[in-house]
Every structure is written in C-alpha cells, then in structure tokens.
1. What's the magnitude of the charge dipole for the chain around its Cα centre, counting Lys and Arg as +1 and Asp and Glu as -1 at the beta-carbon? Answer in Debye, nearest 20.
2. Averaging sequence separations of C-alpha pairs under 8 Å and six or more residues apart, then dividing by the length of the chain, give the relative contact order as a whole percent.
3. With both bridge residues required to lie in segment 1-96, what share of the DSSP beta bridges run antiparallel, to the nearest 5%?
4. Roughly what % antiparallel, to the nearest 5, for the DSSP beta bridges in the chain?
5. With each run of n ≥ 4 DSSP H residues scored as -39500 (n - 2.57), what mean residue ellipticity at 222 nm is computed for the chain after dividing by its residue count and rounding to the nearest 500 deg cm²/dmol?
6. Go ahead and set up a Gaussian network model of the chain, Cα springs under 10 Å, then flag whichever of Phe102, Phe169, Phe239 fluctuates most.
7. Using amide H atoms built 1.01 Å from N in the peptide plane, name the residues 5+ places from Gly67, or on other chains, whose amide H lies under 5 Å from its own.
8. Could you pull out the pairs from Lys106/Lys233; Lys2/Lys106; Lys115/Lys205; Lys106/Lys133 whose alpha carbons sit more than 21 Å apart here?
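We did not get these values from a lab; they are worked out from the coordinates using the rules stated. Just so it is clear, the model here is predicted, and its values are computed rather than measured. No Cβ is skipped: glycine too gets one built from the backbone with ideal geometry, and neighbour counts run over all protein chains shown.
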Amino acid sequence: MKKVLFIYFSQSGQLAEIAHSIAAPLLDNADVMVDFYEVKMVQSFPFPWTSEAFFDVFPESFQQLPGEIHPPDKAILETDYDFVFLHYQVWYLTPSIPINSFLKSKYAQTILKGKPVVTVSGSRNMWALAQEKVKILLRDVDAILVGNIALVDKHHNLISVITIVDWMFSGIKRRAYGVFPKPGVSETDIAEAGKYGKIVLPYLKKGNFEGMQRELVVAGAVNYRFFLVSMDKKGNRMFRIWSSIILRKPAKRKRLLQAFKYYVIFAIYGISPIVYLIELLLYPVLYVLKYRKEKLYYEGI
Ligand SMILES: Cc1cc2nc3c(=O)[nH]c(=O)nc-3n(C[C@H](O)[C@H](O)[C@H](O)COP(=O)(O)O)c2cc1C
C-alpha cells in the first residue's frame, strides 16, 4: 500500500480541482491510499480581492515573509507518506504566502522530510522563477523534488492579465466583458490533469522516478515560453528593489504601493510589448545562445 498526500491551497478552488483531477487515477487504485491537506492560514486573504488588498500583499509575498498557519490534522502529521503532490499558486513571481508559510513551518519538515515530491503550480503563466524558490524551500526541509507540473493560462500574456484581473476582483471565473476568453487554467486542462496522475502512478509504486519528468513533459505538463521567463527574470530584479523600499518605509507604505501599482501597469502594457518585439527579432540568435538550454532547464526538475 502506497500512501500519497495532496497538499494545496486555493482561493477560487482552481488548485483544489486540479489536485482532485490528478488524484483520480490514484483513487481508483486499490494499492494506493490518498489524503488531501488544505493549508489554512490564521490570517486569511480576501477573495474576491480589492485593489488595495491585492497590492498590499506584494512586499510580504515577494520577500517570502511567512505568516502563521493552522496545524494540519494529527492524522496527517502522524502518517508516513510515500509520496507528496505539492500544489501552489504564484503571487508576485513567488510561491503564494500560504504555501510559503507552510513550507517554512515546522509541519513541512515533519511531512516532507526525505519524501519524493511532485510540484504542481496553477498560475497565470509566470511560474518559472517561483519554481526556483520552491526548490530552495523543499531543499531546506530535505524533501526530494522528482517532478514538476506547471499549469497555466495559455492565452496571450496581455489578454491573460485583463482576464485574471476581472477574475481576482469579481471572484468569478467568467468571460470578462463578454468578449475575452475565460481566465486561468482551462476547463479542458483541469479535466485532463488525470493523465499526469496516471503517469506518476507506476513510478511511485516502483519508488524509482527516473524518466518520469520527461514523460510528464511529453504529456504537456510544462509550458515553457521564452518571453515569459525573460519577463520573470526582469520582474524579479525590479520587485526586489520595490519590495525592499516598501518594507523599509512603513510610514509611506500606502503611497509607495500606489506608485508600485502604476509601475506594474506601465511595465506590462508599456515596456513588455517593446521588449517582446526586440526579443522576437533576436529570436534566432537568442535561441542558439540561450533559449534552447533554458527550455531544457525549466522542463527539468
Ligand atoms: C496577489 C496575487 C498575485 C499573483 N501574481 C501572479 C504572478 O506573479 N504570476 C502568475 O503567473 N500568476 C499570479 N497570480 C495568479 C495566481 O497564481 C493564481 O493563478 C490565481 O490566484 C488562482 O489561484 P487560486 O487557486 O488560489 O484561486 C497572482 C494572484 C494573486 C491573488
């Protein structure tokens, strides 16, 4: 009997749906026992978000400052799991505060130490550098990363910004203004996520994960887009500066967050299309020099 734990946090329910979809083939298997653990914070976050609350979580999210979480059930803490699926969403190019708080808590050490882990992100589309931060957090608790599934909104970057804002501020996953596509991970990708559970199943039964990530990638588990990784890196550099300044000047927090909001809008709609055009023109050269290697790296673990 293999014991598998699905860890997740989700405001809208999207990551909960993804977790249950991936778990379906495991639940059908008599040799596997599946548990779910939903991370719950003592201080919760609003959903739908107000604009003020949405930007107010930026400095603490980006600087990975943890908050207090409620302890997981005793039964979960006392079970010696063979395998863990860790689901997370990205907040400001960083694992969300609830997941960061869990990974930095004493409970993460108890649950994850020495355990093989597959990470599953459900983000808008910028997950690559957040995954690097999750890798460090997993290493800190001696967990063993054996696979990664990164589910995203596959629509154009600028469209997905409009649609996610509508989703986050209305709380409804709908076609914004009746014309845009639905935001987030598509219903089809969520419904079909069971294929990843099916791929992982024989590996977790064997306890040997060699070749598993390649199989997951072939099935569509990772969506590498060169421009998004490039923006992710640039965004991380700027967010580091902004978040340090805001945290160092608590008296000016409100005004600085307001300025940060306008900076983000300008960066997305003013700077990013120009950078995109330049990088598109240079694509053949950059592919040979950078993207080919980068793709293999981010598709790996
Ligand atoms: C405060 C906040 C910041 C976010 N920042 C990012 C981001 O930097 N990159 C990204 O791809 N998605 C970002 N998202 C989208 C989330 O990763 C996620 O897809 C969405 O919040 C749905 O998650 P849920 O399962 O908690 O409902 C952000 C969402 C929130 C609420």
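1. 1120
2. Values: 467 pairs, mean separation 57.9, N = 301.
Once divided by the residue count of the chain, the mean separation gives 19 percent.
3. 20
4. On the way: 3 of 26 bridges.
So the antiparallel bridges amount to about 10 percent of the total.
5. So the calculated ellipticity at 222 nm is -15000 deg cm²/dmol.
6. Phe169
7. Excluding prolines and chain starts, which carry no amide H, the hits are Ser101.
8. Lys106/Lys233; Lys2/Lys106
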